[in-house]
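First comes the structure, then the notes that go with it.
Read-outs: derived from the displayed coordinates by stated rules, not from any lab. Quantities reported herein were computed from a predicted structural model and do not represent experimental measurements. Heads up, the Cβs are rebuilt from the backbone with ideal geometry, glycines too, and the neighbour counts pull from every protein chain shown.
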Amino acid sequence: MKIVRIFFFVFALTFALSSVAKGGEFRWMDDFDLRAGADLSDFSARVAMRFSVGNIEVRAVLNKVGSPSDTYMVFRLAEMADQPVSEVVNIYDTYKGRGWGVIAKHLGIKPGSKQFHELKARQDLYCNSPRVHMVKSKGMSKGKGRGRK
């Protein structure tokens, strides 16, 4: 009976820690999966258009990695690291249990870099997400001007 309790405790602790690790790393991924999973054809078309690839390549990556958010991350990291998608998929296969931060690091994207923080903060596939396209242009002020007359 004591062994069953220990097993249950270890299982519950492992599950809790894995949920916290995923939530803390890239918070937008769960909502992204819900939205993309509702219409995979639309998702595939958006990824194909965003990254200038064919729907067949998008579907192949989706079948390989399993979730829309992971598929998006493969294409986004390939773009950021200037690597072929196949290379990112190979690195994903090797390090998928260790998180996207480790995968990004193996692609040369440093954990504390601006690129990495942008990757963690948001996605750019669904434009009506509140955290998308928050980049400020050079000529914009911080709102401390006098305004129009």
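Determine, for Ser86, Ser41, Ser69, the number of other Cβ atoms within 10 Å of each Cβ, and report the residues in order from fewest to most.
Ser41, Ser86, Ser69
What is the count of Lys pairs in segment 22-121 whose alpha carbons sit under 15 Å apart, if the two are 8 or more places apart or on different chains?
Lysine pairs meeting both conditions in segment 22-121 amount to 7.
To the nearest 0.05, how large is the calculated FRET efficiency for Glu87 and Ala38 if R₀ is 25 Å and r is the Cβ-Cβ distance?
Here the calculated transfer efficiency is 0.25.
In what order do Trp28, Trp100 fall by count of nearby beta-carbon atoms within 10 Å, going from fewest to most?
In order of increasing Cβ crowding within 10 Å: Trp28, Trp100.
Tell me, in nm to one decimal, what length is gained between Asn55 and Glu79 on full extension, where the rule is 0.36 nm per residue of separation less the Cα-Cα distance?
7.0 nm
So for Ser52, Ser44, fewest C-beta neighbours within 10 Å to most, what's the order?
Ser52, Ser44
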